[in-house]
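Shown next, in structure tokens, is the structure this report addresses.
The values are calculated or read from the model by the stated rules, or taken from the named source; none is laboratory data. Note that this is a predicted model, so its numbers are computed, not measured. As a convention, Cβ positions derive from the backbone with ideal geometry for all residues, glycine included, and neighbour counts pool all protein chains shown. Ligands, DNA and RNA are stripped out before the accessible areas are found, and what is left, the full protein with its side chains, is counted by its heavy atoms. Shrake-Rupley method; radii C 1.70, N 1.55, O 1.52, S 1.80 Å.
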Amino acid sequence: DHRDLHSFPTRRSSDLGDVVIAGTFRVSPRELTVHSRAQTQTAVQAVAGGVPAKMRGAARSSELPAALLVANAVSRLRQAGMFHDYQVKVAHTGRARMISRPVLGEPVTVVATVRYRSARQGLSHVTYLVELRRGNGQVATRFEVGVDLVDTQADPAEIGRASCRERV
């Protein structure tokens, strides 16, 4: 049961390697355009004098940017229902390794494998190795994502005391 994945009292090597298939997504032309415009606007604000050459025409490309793929994958992990009793905060995402870049409209399946777990009273941290796989099962992209999970059923005062004890 995937709900048991996060009910561990301490770090256990037996938990490592658990696999979660978080679903499939496709990036629509509209989503790519919105993402590209946001990236272009950010780049224009950072670079005086106009749009950098590498950003021009990005919305017309059929290749998907790594940042957009990572954002969709993390969203799929959240929607998979495995964090239903937890408040989720993405602690870090590693750089995406593009093996064979998916294209616009192509179905991409999110497969996450547990790489690391730690827990203390009411708080857990899980690091996943996330693979984005094409329809034929070929790995297109790989990256790590770490999530901090706060048990919504835990006593908030106890969580605070546990955090203070760990810092001492």
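With every protein chain present, what is the per residue accessible area of segment 72-129 (1.4 Å probe, Å²)? Can you show the working numbers first?
Working: 2790 Å² over 58 residues.
Here the per-residue accessible area is 48 Å².
Summing +1 for each Lys or Arg and -1 for each Asp or Glu, what net charge is found among the other residues whose Cβ lies under 12 Å from the Cβ of L129?
Working: positive: R97, R115, R142; negative: D18, E131, E144.
That works out to 0.
Calculate what fraction, in whole %, of the accessible area of segment 79-129 sits on carbon and sulfur atoms when a 1.4 Å probe is rolled over the protein chains. Present the calculation step by step, with values, prior to reporting the outcome.
Numbers: 1130 of 2510 Å².
Heavy-atom surface of segment 79-129 belonging to carbon and sulfur, 1.4 Å probe: 45 percent.
Can you list residues whose amide H is under 5 Å from Y86's amide H, if they're 5+ apart or on another chain and H is modeled 1.01 Å from N?
It is T152, by chain and number.
Set the Förster distance to 30 Å, then compute FRET efficiency between Q87 and N136 from the Cβ-Cβ distance, nearest 0.05.
0.25
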